[in-house]
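Peer 1: One structure, pasted below without further comment.
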Amino acid sequence: MIFKKQLSILLFLAGSALAANAQTTANLSISNDSKLIVSKYIYGQFAEHLGHGIYGGFWVDKSMPVEKQDRIRLDIVKALVKIKIPSLRWPGGCFADEYHWRDGIGPAEQRPKMVNTNWGGTTEDNSFGTHEFLELCSLLHCEPYMAANVGSGTVEEMSKWIEYVNSNSTSTVAEMRKQNGHPDPYKVTFWGIGNESWGCGGNMTPEFYSDQFKRYASFAKNYPGAPLKKIASGPNSDDYNWTEVIMKNIPDYFMWGISLHYYTVPTGNWGHKGSATSFSESEYFATMQRCLKMDTLVTKHSAIMDKYDPEKHVALVVDEWGVWTDVEPGTNPGFLYQQNSLRDALIAGTNLNIFNNHCDRVRGAALAQTINVLQSLILTDKEKMLLTPTYHIFDMYKVHQDAKYLPIQLISPDYVVDGKKMAAVNVSASQDSSGRVHISLVNLDLHNNITISTALKNIQWKTVNGQILTSANITDINTFDQPDKIHLENFKGAKKDGDNLVVVLPAKSVVTLELQ
Ligand code: AHR
């Protein structure tokens with residue numbers, strides 16, 4: 001028995017040694033043969049009235065000992081300004097289709113209360129409403145993306161909300177905004193027409209929803225300086241029929257974009273999604289396979305859109321994405337509070353690479369959901385806050401916002417676990433307006449460093465530097481006791497070799513290089 005155990009340890013060690021000696025070179029070529037732009041809106045965020053995303057996240061009690069404007073936490077604002085978030089989607093999510101905007105304006109103490117039936121049955125006091133959200137966006141220097149209630153609202157309600165926010169006329173509703181403290185129109189251009197209308201937003205068929213969309217969109221009016229970008233509620237994951245019907249039934253001039261929602265659920269089982277912090281290598285591998293499914297989804301939905309809109313007028317807006325695990329033990333299951341490990345960082349880098357590489361069609365996205373909910377950028381514990389590994393990825397990748405897309409060709413070695421394989425490396429690249437080239441690389445392999453030889457076609461450069469995010473273990477996290485365990489560091493593993501760039505990309509890492 002003892003002998004058997006020792007033998008299996010020896011076999012395990014031999015296996016690890018073999019894994020460490022596996023083929024670990026990749027070939028990459030990057031050209032500047034493109035006119036496409038990586039839209040900054042790919043780097044958008046999402047904040048729903050859910051758990052401690054808004055209340056106890058952005059919006060805190062007056063007594064909380066942190067710097068605030070009104071009740072908005074300024075340490076959070078400062079952190080998000082640093083990573084240049086371009087847009088913030090609000091008020092949901094499922095909450096959007098039970099939200100009535102008139103409840104959230106005027107003196108706070110007179111606002112009606114409601115029950116948040118989707119998320120934990122909490123009492124919503126409406127203290128955070130339209131003005132507070134738009135004040136937050138102004139502090140964040142980002143554009144608001146507001147989701148109108150189609151499920152339980154009316155055309156009139158949505159139409160008046162847009163008028164309230166955007167009109168400078170003397171109509172009663174525009175005057176009301178002025179009396180509530182904002183004389184100038186806010187000029188909000190991004191509007192979602194419902195959310196998940198196939199599910200919590202009304203359980204509609206795509207045929208019924210496309211008629212509803214046309215009806216609502218007809219009364220979503222443009223006001224001076226605010227031409228609307230209307231975004232249709234799009235498919236759930238691989239519901240290709242939804243995309244087909246919407247694209248067939250809604251003329252492209254009617255909608256700026258169509259949304260796509262897809263979450264990486266580690267186990268693939270919504271009843272038991274898997275832990276955010278404790279998982280085996282097999283579970284990690286399965287999670288990354290599910291994460292990479294985003295590429296297939298974007299490719300296939302785009303192909304359907306191409307049939308009806310070959311000139312790509314309509315954007316695919318992946319306005320809910322990220323990893324969705326079981327909640328942290330002891331927390332309210334309705335609040336979707338989860339920790340964020342190095343795995344989350346690799347998931348974020350991989351998804352952003354996918355979106356960058358599909359920037360011909362993906363011209364907007366929103367990570368779910370900014371603070372304390374799902375794959376967050378920031379976690380808070382009363383007055384304490386920490387930046388998650390995912391935050392650092394958005395920090396590194398901000399250089400791609402509105403930069404010129406650079407096409408890539410990559411031959412990657414495989415990452416093999418339990419006889420199953422996937423490409424170990426994924427990459428995207430862009431060139432900013434001052435000519436600097438940025439290359440973001442993800443190594444999903446937990447064991448092997450990978451040497452990447454890169455040819456750059458028609459790109460002149462002299463120097464390279466970069467940043468890396470990695471840690472000793474894939475399950476490592478930042479905690480309130482050790483908030484900087486995972487942080488960005490300067491990367492020294494890239495050098496110029498003749499005209500080529502040679503990078504030694506460490507196992508389980510994300511790197512962004514700058515060539516100039
Ligand atoms: O992000 C959490 C929820 O996921 C959203 O409210 C909903 O749109 C989706 O199902």
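Any read-out appearing in this document is the output of simple, stated calculations on the displayed coordinates, not a laboratory observation. As the structure is a prediction and not an experimental result, all values here were calculated from the model. All Cβ positions, glycine included, derive from the backbone under ideal geometry; neighbour counts span all protein chains shown.
Peer 1: As a test of the definition: which semi-axes, in Å, follow for the chain when you take the square root of five times each eigenvalue of its alpha carbon gyration tensor? Largest first, please. Please list the in-between numbers first.
Peer 2: Working: eigenvalues 312, 138, 101 Å².
They are 39, 26, 23 Å, listed largest first.
Peer 1: Under a Cβ-Cβ limit of 4.7 Å, which cysteines in the chain have nobody to pair with?
Peer 2: Here CYS137, CYS142, CYS291, CYS359 come out as lacking a disulfide-compatible partner, given the Cβ-Cβ threshold of under 4.7 Å.
Peer 1: How tilted is helix 281-308 with respect to the longest principal axis of the chain? Cα atoms for both, answer in degrees (0 to 90, nearest 10).
Peer 2: With rounding to tens, the tilt is 50 degrees.
Peer 1: Give me the aspartates and glutamates in straight-line cross-link reach of LYS214: C-alpha distance below 15 Å, same-chain residues under 8 apart excluded.
Peer 2: Cα-Cα hits under 15 Å: GLU156, ASP252.
Peer 1: Let me ask something additional. Residue separation times 0.36 nm, minus the C-alpha to C-alpha distance between GLU328 and TYR240: what's the value? Working shown, then result.
Peer 2: On the way: separation 88, 0.36 × 88 = 31.68 nm, distance 3.32 nm.
Here the segment from GLU328 to TYR240 would lengthen by 28.4 nm.
Peer 1: Which angle between 0 and 90 degrees, to the nearest 10, do you get for helix 240-249 versus the longest principal axis of the chain when only C-alpha atoms count?
Peer 2: 40 degrees
Peer 1: Work out how much length ASP252 to LYS221 would gain on full extension: take 0.36 nm times their residue separation and subtract the Cα-Cα distance, in nm to one decimal.
Peer 2: Going from the current span to full extension adds 9.5 nm.
Peer 1: Okay, moving on. Full-extension gain between GLN482 and GLN179, please, as 0.36 nm times their residue separation minus the C-alpha to C-alpha distance. Don't skip to the answer; put the middle values down first.
Peer 2: Numbers: separation 303, 0.36 × 303 = 109.08 nm, distance 4.67 nm.
Here the answer is 104.4 nm.
Peer 1: Count the DSSP beta bridges whose two residues both fall in the chain, then state the antiparallel fraction as a percent rounded to the nearest 5.
Peer 2: Numbers: 56 of 96 bridges.
Roughly 60 percent of the DSSP beta bridges within the chain come out antiparallel.
Peer 1: Still on this structure, I have one more. Longer than 23 Å from Cα to Cα, which of LYS78/LYS230; LYS68/LYS398; LYS35/LYS457; LYS62/LYS485 are they? Say none if no pair is.
Peer 2: Values: LYS78/LYS230 30 Å; LYS68/LYS398 26 Å; LYS35/LYS457 15 Å; LYS62/LYS485 31 Å.
Beyond 23 Å between Cα atoms: LYS78/LYS230; LYS68/LYS398; LYS62/LYS485.
Peer 1: Rounded to two decimals, what ratio of Rg to Rh does segment 168-299 give with C-alpha atoms and a Kirkwood Rh?
Peer 2: On the way: Rg = 19.8 Å, Rh = 17.7 Å.
My calculation puts Rg/Rh at 1.12.
Peer 1: Right, something else. Run the helix sum for the chain: -39,500 (n - 2.57) per DSSP H stretch of 4+ residues, divided by residue count, reported at 222 nm to the nearest 500 deg cm²/dmol. Mind dumping the intermediate values first?
Peer 2: Numbers: 10 runs with 135 residues, N = 516.
Helix-only estimate at 222 nm: -8500 deg cm²/dmol.
Peer 1: Can you tell me the mean projection area, over all orientations, of the convex hull of segment 405-516's alpha carbons? Units nm², please. Display every interim value, and only then the final one.
Peer 2: Values: hull surface 33.4 nm².
Approximately 8.3 nm², given one-decimal rounding.
Peer 1: Angle between the Cα long axis of helix 155-166 and the longest principal axis of the chain, 0 to 90 degrees, nearest 10?
Peer 2: Compared with the principal axis, the helix lies near 80 degrees.
Peer 1: Would you mind checking LYS248/LYS307; LYS300/LYS508; LYS40/LYS160 for any pair whose Cα atoms are more than 20 angstrom apart?
Peer 2: Where the Cα-Cα span goes over 20 Å, the pairs concerned are LYS300/LYS508; LYS40/LYS160.
Peer 1: Something else now. With charges only on Cβ, +1 for K and R and -1 for D and E, what is the dipole size of the chain about its Cα centre, in debye, rounded to 20? List each step's numbers first, then the result.
Peer 2: Details: 48 positive and 54 negative charges, 200 e Å.
Charge dipole of the chain: 960 debye, to the nearest 20.
Peer 1: Mind ranking 116-122, 347-353, 459-465 by how tightly packed they are, going by the mean number of other C-beta atoms within 10 angstrom, highest first? Intermediate values should be presented prior to the final figure.
Peer 2: Values: 116-122: 16.6, 347-353: 27.1, 459-465: 12.6.
Packing proxy ranking, top to bottom: 347-353, 116-122, 459-465.
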